[in-house]
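The values are calculated or read from the model by the stated rules, or taken from the named source; none is laboratory data. What you are looking at is a predicted structure, and each value in this text was computed from that prediction instead of being measured. Backbone-built Cβ (ideal geometry, glycine too); neighbour counts: all protein chains shown. These accessible areas exclude ligands, DNA and RNA; they are computed on the full protein's heavy atoms, side chains included. Shrake-Rupley method; radii C 1.70, N 1.55, O 1.52, S 1.80 Å.
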Amino acid sequence: MAFITKYNFKRIHANPETVGKGLMMENCEELLYSHKKIDWFSDLEATRLFLCKILLLEPGHALFTQMIHQKWLKIYTPADNFRRATKPKAPSYHINKACEGLHQPFRDFELPVGFVEIYGEAGVIRFRKWLNFDVLEHDPERFKIKCEALWPQVSWHSVLLERKENSGVHVFDYSTEEEIHGYINYLMEQYTQWLNNVLNDTERKAVETFKRRSTQKGLSFPGMDNQALNKLMATFQREFKNRMTNALLAYYYKVAEKNHSDDVNKEVLEHLGFKPCGHVDCLLHKLSLDDF
């Protein structure tokens, strides 16, 4: 079994620059979930789900090798502009649920104005190697004094630590197939109830018009204020589409786990671009597993 954070799980997308036009999933809902028609997804969103399904369930599919080699799925990693303390990096998977790297908070901050211009990218790299977030978090004044001594040509007074709690563990093995089927049915029932009993006629038509869009911004619809429309579609995205996406991916994984060995977990994540965690907690855990 392998573990990733929820944040990293959401970084997996279909790459519109490499996916062939002929693969776009227009009106192919039955390929995503044969038990019920779910017509909420744009072509690109449906393509992402279909490719994940192939990756997890059909390694012998005619598209599998092409999908891997041509990188039809990608993991979003921001480009490094050398203006932040933390370097963007590809995500890791963990084989030890107790791994410190899986649970530690995300910490970062913007480097002082002019840092990269004065000290260059090599200077940013040296700073990152020197950086100790614990000192900054627990004794920020001491940290700034040290920085002023080592990099005196910029001002460190405005440095502000950005700290975000870990988004939590996304464990692929968390439900049975029957439970996932039940949850998908529940989402569809809740959506129907929301559509027919909560929304008025104009709102209902707006949702039906825009539900397949990948982004729900910059919309307009006759008879609706733009702000109200954006709020309405944001609710649909949050309460229904995002949850259905996660449920379908969980369903694919559950079926894959039943059909293949437990190693499918790590293999699948590595195909997607995840790297094995290099933290001592995972390395020692792997050694203990190899003993059996």
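Assorted remarks:
- Output for region 83-120, where each listed residue is part of a strand (DSSP E or B) and of a type in the set (Ser, Thr, Tyr): SER92, TYR93
- Test: ASN196 is among the polar types (S, T, N, Q) and more than 26 Å from HIS35 (Cα to Cα): no
- Taking residues in region 107-127 that are surrounded by 14 or more Cβ atoms within 10 Å (Cβ to Cβ), and partners anywhere that are charged (D, E, K, R) and in a helix (DSSP H, G or I), the pairs with Cβ atoms closer than 9 Å and at least 6 places apart or on different chains are ARG107/GLU137; TYR119/ARG126.
- Total residues in region 128-161, condition within 29 Å of TYR7 (Cβ to Cβ) and either open to solvent by 70 Å² or more (accessible area, probe 1.4 Å) or among the polar types (S, T, N, Q) (or both): 7
- Some residue of region 163-176 being modelled with pLDDT of 95 or more and touching a helix residue (DSSP H, G or I) at 6+ places or on another chain (Cβ under 7 Å): no
- Once region 60-82 is narrowed to residues that are in contact (Cβ under 8 Å) with a residue 60 or more places away in the chain and either among the β-branched types (Val, Ile, Thr) or in a loop (DSSP other than H, G, I, E, B) (or both), the residue that is farthest from PHE274 (Cα to Cα) is ILE68.
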